[in-house]
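The values are calculated or read from the model by the stated rules, or taken from the named source; none is laboratory data. Worth saying up front: this structure is predicted, and the values here are computed from it rather than measured. Cβ sites come from the backbone with ideal geometry, for glycine too, and all protein chains shown count toward neighbours. Only protein heavy atoms, including side chains, enter the accessible area calculation; ligands, DNA and RNA are left aside. Shrake-Rupley method; radii C 1.70, N 1.55, O 1.52, S 1.80 Å.
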Amino acid sequence: MKRNPFYLLAVITAILFLAACGKNNDAVEVNTLADLAESGVRIGVQLGTTGHDYAVNNFPQATIIPYDQPADAVLALLAGDVDALIMDSEPARNFVDRNAGRIRQLDELLTREGYGISFPLGSPYVALFNQALDTLRANGTLYGIMDYWIHNEPNASRYVSPPGTTHPNGTLIMGTSAGFEPFEFFEGTEIVGIDPDLARAIGDLLGYSITIMDMDFNGIIAAVQTGQVDFGMAGMTVNAERRQQVDFTQEYFLSGQSVIVPVR
């Protein structure tokens, strides 16, 4: 049936109107680190992280929107609810790889920082874990774990306890937040990644089995302080503020805060 041209014009006008209504007029385009300082930019962060602290302290004109899990922050970016995300560089790279063509990382890092394992203040385990980390560096186990989870080396494999390994000293509970690939994330019902493998390697050296407890990242330090867990290991940046609350081992990984933005 032939349509009246005025009818077609009305339909086209309605479509254009709906499209304009759906457009996010609050969006600010972020292409450089300097753009984060613009008034009105909306920055997504994970609650309680160094990225959260950095955004609050360095971008007072921005609107900082915290999320419990980094995956929720990425969904917000994809939906246009935030203009940029600040998160650790390796998890950022994983999210970008999974959403190729939709989001991208800016080339420059906001910060450079190191991850450590946290214990209650005065814990004797810090020295023991440091000795184990020294051994795992010397025998190549630490680098093998990184090669498997980060560098995708063809000959790398997941950490496996050596034959005959026993755990006569009992079990240690590790607190983590399993939404931080490749450091800790769920593969089915199992929490896997760099930190679980490294914790098990340390436990094998010291004669402890490791049980992993998942929780919000923002609650890990409190869980360590109160004895809910024996140690916290979740890609946790060592900084002065946290050192007042818990003790840390030596740093086992160097990272930095990265910025993710939409592809436009």
#### Entry: Förster radius 22 Å - calculated FRET efficiency between N218 and F186, Cβ distance, rounded to 0.05
0.75
### Query
Which of these, A138, A240, A127, has the largest mean-square fluctuation under a Gaussian network model of the chain (Cα springs below 10 Å)?
A240
#### Entry: Residue-span extension gain [T165 to L121] - 0.36 nm each, minus C-alpha spacing
12.9 nm
### Query
Could you state the per residue volume, in Å³, of the convex hull enclosing the Cα atoms of the range 127-264?
149
### Query
Can you list residues whose amide H is under 5 Å from Q46's amide H, if they're 5+ apart or on another chain and H is modeled 1.01 Å from N?
H52, Y67
### Message
Give me log10 I(q)/I(0) at q = 0.13, 0.20 Å⁻¹ for the range 23-77, Debye formula, one equal scatterer per alpha-carbon, no solvent.
### Response
-0.30, -0.72
### Nitroxide proxy distance, nm - points 7 Å out along Cα→Cβ at Q225 and R98
3.1
### Message
What percent of all Cα-Cα pairs in the chain falls into each 10 Å bin, going from 0 up to the bin containing the maximum distance?
### Response
7, 27, 30, 18, 9, 5, 3, 2, 0
#### Entry: Dipole magnitude of the chain, debye to nearest 20 (Cβ charges: Lys/Arg +1, Asp/Glu -1, about Cα centre)
860
### Query
How would V96, V263, V30 line up by accessible area, probe 1.4 Å, largest first?
V263, V96, V30
### Query
According to a simple spin-label model (label point 7 Å from Cα along Cα-to-Cβ), what is the distance in nm between A240 and D68?
3.3
### Task
Provide, for q = 0.09, 0.10, 0.20 Å⁻¹, the log10 of I(q)/I(0) from a solvent-free Debye sum over equal Cα point scatterers in the range 21-170.
-0.43, -0.52, -1.25
### Summary
Which residues qualify? For I212, with a placed amide H closer than 5 Å and at least 5 residues away or on another chain, they are M174
### Query
Which of the trypsin sites (Lys or Arg not before Pro) across the range 106-198 are loop residues per DSSP, with 16 or fewer other Cβ within 10 Å?
R112, R158
### Task
Quote the accessible area belonging to E187 in square angstrom, nearest 10, computed with a 1.4 Å probe and with ligands, DNA and RNA left uncounted.
100
#### Entry: Percent antiparallel among DSSP beta bridges (both partners in the chain, rounded to 5)
55
### Taking the convex hull of Cα positions in the range 101-181, its mean projected area over all directions (nm²)
9.1
### Task
Can you tell me the FRET efficiency between D35 and I150 if r is taken as the Cβ-Cβ distance and R0 is 30 Å, rounded to the nearest 0.05?
0.60
#### Entry: Estimated FRET transfer efficiency (S209, S157; beta-carbon r; R0 22 Å; 0.05)
0.55
### Query
Under unit Cβ charges (Lys, Arg +1; Asp, Glu -1), what dipole magnitude, rounded to 20 debye, does the range 111-244 have relative to its Cα centre?
380
## Note on the structure
Applied in sequence order to the range 149-165, the curve 6.51 cos²θ - 1.76 cosθ + 1.60 (Karplus, θ = phi - 60°) yields integer Hz couplings, x standing for Gly and Pro, of 8, 10, 8, 6, 4, x, 9, 7, 9, 5, 5, 10, 4, x, x, x, 5
